[in-house]
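The values are calculated or read from the model by the stated rules, or taken from the named source; none is laboratory data. Treat the numbers as computed from the prediction; the structure is a model and nothing was measured. For neighbour counting, all protein chains shown are included, and Cβ atoms are generated from backbone atoms with ideal geometry for every residue, glycine included.
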Amino acid sequence: MSHPLIDRLLDDCDYAEVTLENHDEFVAEAGMNVLFFPGDPETSKDTTDVAVVLPELVAAFDNQLRPGVVTDTWGDGKQLKQQYGFSAYPSLVFVRGGEYVGAITRIQDWGEYLDKIAELLVAAPRRAPGFSVPVVTA
């Protein structure tokens, strides 16, 4: 699903469109890479809000954030969502040098974004939450 505000990120802001094909190369870059998972703008009510806020966050952090957009919600995006283990759209997933650092889901207050991103910029990488599968014993 496309939306003019998401298209703006790709066309006007020149953010990379991230797919399974270029994901590993994108997140391996030095610095903080931010994957924007918008989800379906028709059903994810905060998607357009985050699409507006993301360029402001990039500017506020003096271009320390390198954003990319995962536009294919049901194909590549579904597989990448499982890899990173977030539960709600929209999500911003932070990856430094190929290693997961953290995620912020849904729209947040401006101050919360500033505090959380400042923490993530200096945080150590950690294991992505992933999805757990209950183990059943017979």
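Key figures
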item	result
Qualifying strands (runs of 3 or more DSSP E) (wholly inside segment 61-126; at least 2 residues being touching a Gly at 6+ places or on another chain (Cβ under 9 Å) and hydrophobic (A, V, I, L, M, F, W, C))	91-96
Within segment 18-56, tally of residues that are outside any helix (DSSP H, G or I), under 24 Å from L121 (Cβ atoms) and among the charged types (D, E, K, R)	2
Selected residue [touching a strand residue (DSSP E or B) at 6+ places or on another chain (Cβ under 7 Å), at pLDDT below 95 and within 18 Å of E17 (Cα to Cα)] from G77, G68, G39	G77
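Here's the yes/no breakdown for (1) in contact with a Pro (Cβ under 9 Å, 6 or more places away or on another chain); (2) polar (S, T, N, Q); (3) free of Cβ contacts under 8 Å to residues at least 12 places away in the same chain; (4) surrounded by 18 or more Cβ atoms within 10 Å (Cβ to Cβ):
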{"position": "S91", "(1), (2), (3), (4)": "yes, yes, no, yes"}
{"position": "A103", "(1), (2), (3), (4)": "yes, no, no, yes"}
{"position": "E112", "(1), (2), (3), (4)": "no, no, yes, no"}
{"position": "R127", "(1), (2), (3), (4)": "no, no, no, no"}
